[in-house]
């Protein structure tokens, strides 16, 4: 059964200021050497808080298709990361750090939640385009890759993950194809995500990562 009303419980502008303030606080904490270790440990909490803010800005009714599609995304993303660590790349070429918390088969359990949040954000941004579903899926996938490019700049500094060799272009191909499959699944389930806050969060995250790259 779908909710009769969207989960929009705060004004968009209020949430936008909260998002920018949240990441500004995170940036300051990570930029100061003596607070850096404390803020890195808070990574799992930051992911949960970001998801909570996205939920507050969600603007469409939610039904079983929404939860099913995102559940599939969660499972597939974990499988993708499992394959990256154990199959796609040579041994010890790519591995995760400790910032994401508990792991299963060397893959952080939190990684699925991170994928869900990222795909939700990118789908919401692309949904604002006045075009067809195919272009929206391609645009969403492109936004995912763009985010990864920015994230790779600081991932090792934040103890997210490490590459022992130069990052291969194959990594970005995996991100794009994986996102393409997951967004297609969301479309097949007729999941339409509308959330004006998502654009603010995406842009804020990109700026946040680029500034961190310069500072730390």
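Tell me, please, whether a residue that is without any contact (Cβ under 8 Å) to a residue 60 or more places away in the chain, closer than 20 Å to residue 198 by Cβ and touching a helix residue (DSSP H, G or I) at 6+ places or on another chain (Cβ under 7 Å) can be found in segment 155-171.
Among the residues of segment 155-171, not one is without any contact (Cβ under 8 Å) to a residue 60 or more places away in the chain, closer than 20 Å to residue 198 by Cβ and touching a helix residue (DSSP H, G or I) at 6+ places or on another chain (Cβ under 7 Å), which makes the answer no.
Would you check which residues across segment 195-209 are surrounded by fewer than 18 Cβ atoms within 10 Å (Cβ to Cβ) and out of contact with any helix residue (DSSP H, G or I) (no Cβ under 6 Å at 6 or more places or on another chain) and list them?
Scanning segment 195-209 gives 203, 207.
All but one of (1) under 29 Å from residue 196 (Cβ atoms); (2) touching a helix residue (DSSP H, G or I) at 6+ places or on another chain (Cβ under 7 Å); (3) at pLDDT below 95; (4) not in a loop (DSSP other than H, G, I, E, B) hold for residue 95; state the number of the condition that does not hold.
Looking at each condition in turn, residue 95 falls short on (1).
Taking residue 153 as the residue in question, decide whether it is at pLDDT 95 or above and within 23 Å of residue 166 (Cα to Cα).
yes
Has segment 54-74 got any residue that is more than 24 Å from residue 185 (Cβ to Cβ), at pLDDT below 95 and assigned to a helix (DSSP H, G or I)?
Checking segment 54-74: at least one residue is more than 24 Å from residue 185 (Cβ to Cβ), at pLDDT below 95 and assigned to a helix (DSSP H, G or I).
Select from segment 189-206 the residues that are in contact (Cβ under 8 Å) with a residue 60 or more places away in the chain and part of a helix (DSSP H, G or I) and list them in ascending order.
Within segment 189-206, 196, 197, 198, 199, 200, 201, 202, 204, 205, 206 qualify.
Determine if segment 126-136 includes at least one residue that is outside any loop (DSSP other than H, G, I, E, B), in contact with a strand residue (DSSP E or B) (Cβ under 7 Å, 6 or more places away or on another chain), surrounded by fewer than 19 Cβ atoms within 10 Å (Cβ to Cβ) and touching a residue at least 12 places away in the same chain (Cβ under 8 Å).
no
Could you say which residue among 112, 101 is more than 17 Å from residue 208 (Cα to Cα), out of contact with any strand residue (DSSP E or B) (no Cβ under 9 Å at 6 or more places or on another chain) and either in a helix (DSSP H, G or I) or at pLDDT 90 or above (or both)?
The match here is 112.
Could you list all residues from segment 75-92 that are in a helix (DSSP H, G or I) and over 25 Å from residue 53 (Cα atoms)?
Those that are in a helix (DSSP H, G or I) and over 25 Å from residue 53 (Cα atoms): 79, 80, 81, 82, 83, 84, 85, 86, 87, 88.
Could you say which residue among 69, 52 is surrounded by 16 or more Cβ atoms within 10 Å (Cβ to Cβ) and either touching a helix residue (DSSP H, G or I) at 6+ places or on another chain (Cβ under 6 Å) or over 16 Å from residue 192 (Cα atoms) (or both)?
69
Looking at 87, 41 in this structure, which one is surrounded by fewer than 14 Cβ atoms within 10 Å (Cβ to Cβ) and more than 26 Å from residue 20 (Cα to Cα)?
87
The values are calculated or read from the model by the stated rules, or taken from the named source; none is laboratory data. All values derive from a computational prediction rather than experimental measurement. Ideal geometry is used to build each Cβ from the backbone, glycine not excepted, and the neighbour counts take in all protein chains shown.
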